[in-house]
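**Student:** This is the structure, below, for whatever I ask next.
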Amino acid sequence: MGDRVITVAEVDRRLRLMRSGPLAARLPRPETAEGRNLRRWLVQVMVAEALAEQEAARLGLPAGHSAPPGQSLSPGPQAALTLAGALRTGGVAAAVLATSPAARAVCRALAAGREPSEDEVRDYYRRNLDRFATPETRWVRTFGPVRRGQMAGPIEDAVFAAREGETVGPVEGPGGPWILVVERIEAARREPYAAVRGRIRAELAKESGERAFARWLDARNADSVVLTPGHEHPADPAQPDADHRH
């Protein structure tokens with residue numbers, strides 16, 4: 001990374017922060033393969049942070065300060081680290097985007113000019129209609145609001161065949177016969193495209209930027225990062241604790 005060197009002492013210090021943080025009880029023991037791979041993963045995160053800070057400085061972007069993994073900085077905004085984000089970009093990129101203002105600044109710069117087209121937004125809506133639909137909901141006395149698939153057998157059939165305000169039963173069910181009152185019915189509905197267009201556009205733009213950041217990070221790692229033995233990526237099959245082999 002040019003003249004930037006991440007020392008063993010820096011890694012050890014960050015690891016101590018993680019192991020003294022609120023998620024410490026969830027971390028693997030240091031002497032295990034999982035514990036050693038946690039350290040390797042932390043090295044990848046620290047490298048990614050440093051690369052993002054260098055790029056933000058090169059572009060003249062505001063960088064701020066990164067929060068150590070497992071920690072949070074306050075005050076200051078934090079992005080959500082989600083499984084979907086990790087699957088989309090890889091765990092290291094997702095973690096850095098969640099904790100590093102510099103990484104988010106670089107991501108925004110990479111996303112500039114990548115706005116999805118109207119066709120892409122409309123196509124996403126058509127392919128994901130279930131995301132914008134609310135199924136029919138029935139308020140049943142003693143059960144509360146229920147939807148298809150949340151009840152079973154004859155009870156569900158009777159409830160969803162009834163009219164609003166109707167009492168049904170006795171219907172055989174768990175523990176014996178049931179008498180049920182369908183107090184209210186809310187019809188299925190779908191949000192129209194015009195109402196969700198802006199939300200879809202923003203989501204697609206964000207995901208496109210995150211993927212661009214992940215590609216940039218991979219390329220920059222390949223071009224400028226040298227890892228010393230013992231600090232390889234946890235998924236590197238050459239390292240002795242690798243648990244994913246083909």
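**Student:** What net charge do the residues around Glu118 carry, taking every other residue with its C-beta under 11 Å from that of Glu118, with Lys and Arg at +1 and Asp and Glu at -1?
**Tutor:** Taking every Cβ under 11 Å from that of Glu118, the sum is -1.
**Student:** Another question about this same structure. If you count only protein heavy atoms and use a 1.4 Å probe, how large is the accessible surface of Val11, to the nearest 10 Å²?
**Tutor:** Number for this one is 10 Å².
**Student:** Same structure again: Need the full-extension length gain, Val5 to Ser224, defined as separation in residues times 0.36 nm minus the C-alpha distance. One decimal, nm.
**Tutor:** On the way: separation 219, 0.36 × 219 = 78.84 nm, distance 1.15 nm.
That works out to 77.7 nm of additional length.
**Student:** As a test of reading the structure, rank Glu207, Glu186, Glu31 by solvent-accessible area (1.4 Å probe, protein chains only), most first.
**Tutor:** Glu31, Glu186, Glu207
**Student:** Of the residues Pro229, Pro145, Pro154, which exhibits the maximal mean-square fluctuation in a Gaussian network model of the chain defined by a 10 Å Cα contact cut-off?
**Tutor:** Of Pro229, Pro145, Pro154, the Gaussian network model singles out Pro154 as fluctuating most.
**Student:** With every protein chain in place, what's the accessible area of Arg29 (1.4 Å probe, Å², nearest 10)?
**Tutor:** Per-residue accessible area (Arg29): approximately 150 Å².
**Student:** Given a 1.4 Å probe and heavy atoms of the protein chains only, how would you sort Thr167, Thr142, largest accessible area at the top? Present the calculation step by step, with values, prior to reporting the outcome.
**Tutor:** Working: Thr167 80, Thr142 115 Å².
Heavy-atom accessible area, descending, gives Thr142, Thr167.
**Student:** How much accessible area does Met46 have with a 1.4 Å probe, in Å² rounded to the nearest 10?
**Tutor:** Number for this one is 20 Å².
**Student:** Give me the extension gain from Glu172 to Glu34: residue separation times 0.36 nm, minus the current Cα-Cα distance, reported in nm with one decimal.
**Tutor:** Here the answer is 44.5 nm.
**Student:** Placing +1 at every Lys and Arg Cβ and -1 at every Asp and Glu Cβ, with all other atoms neutral, what dipole size does segment 93-151 have around its Cα centre, in debye to the nearest 20?
**Tutor:** That gives a dipole near 380 debye.
**Student:** Also, quick follow-up: Leaving ligands and nucleic acids out of the surface, order Ser20, Ser208, Ser117 by accessible area at 1.4 Å, largest first.
**Tutor:** Numbers: Ser20 90, Ser208 25, Ser117 50 Å².
Largest to smallest exposure gives the sequence Ser20, Ser117, Ser208.
**Student:** Let me ask you something else. Here are several values of percent of Cα pairs over 30 Å apart: [x] 28; [y] 50; [z] 36. Which one was derived from the coordinates shown?
**Tutor:** Matching entry in [x] 28; [y] 50; [z] 36: [y].
**Student:** Still on this structure, please answer the following. Springs between alpha-carbon atoms under 10 Å, Gaussian network over the chain: tell me which of Glu164, Glu232, Glu120 tops the mean-square fluctuations.
**Tutor:** Glu164
**Student:** Turning to a different aspect of this structure: I'd like to know which of Gly165, Gly113, Pro62 lies farthest towards the positive end of the charge dipole of the chain, counting +1 on Cβ of Lys and Arg and -1 on Cβ of Asp and Glu.
**Tutor:** Pro62
**Student:** Divide by every residue of the chain the summed helix terms, -39500 (n - 2.57) for each DSSP H run of at least 4, and state the resulting mean residue ellipticity at 222 nm, rounded to the nearest 500 deg cm²/dmol.
**Tutor:** It comes out at -15500 deg cm²/dmol, rounded to the nearest 500.
**Student:** With a cut-off of 11 Å, note down the residues of segment 109-139 whose backbone N falls inside the zone around a label point 7 Å from the Cα of Tyr193 toward its beta carbon.
**Tutor:** 118-127
**Student:** Quick check: net charge around Gln44, other residues with Cβ under 13 Å of its Cβ, Lys/Arg +1 and Asp/Glu -1?
**Tutor:** Surrounding charge for Gln44 is 0.
The values are calculated or read from the model by the stated rules, or taken from the named source; none is laboratory data. Every value quoted in this text rests on a predicted model; they were computed, and no experiment measured them. FYI the Cβ positions are ideal-geometry reconstructions off the backbone, even for glycines, and counts take in every protein chain you see. To get the accessible areas, we keep the full protein, side chains included, count just its heavy atoms, and leave off ligands, DNA and RNA. Shrake-Rupley method; radii C 1.70, N 1.55, O 1.52, S 1.80 Å.
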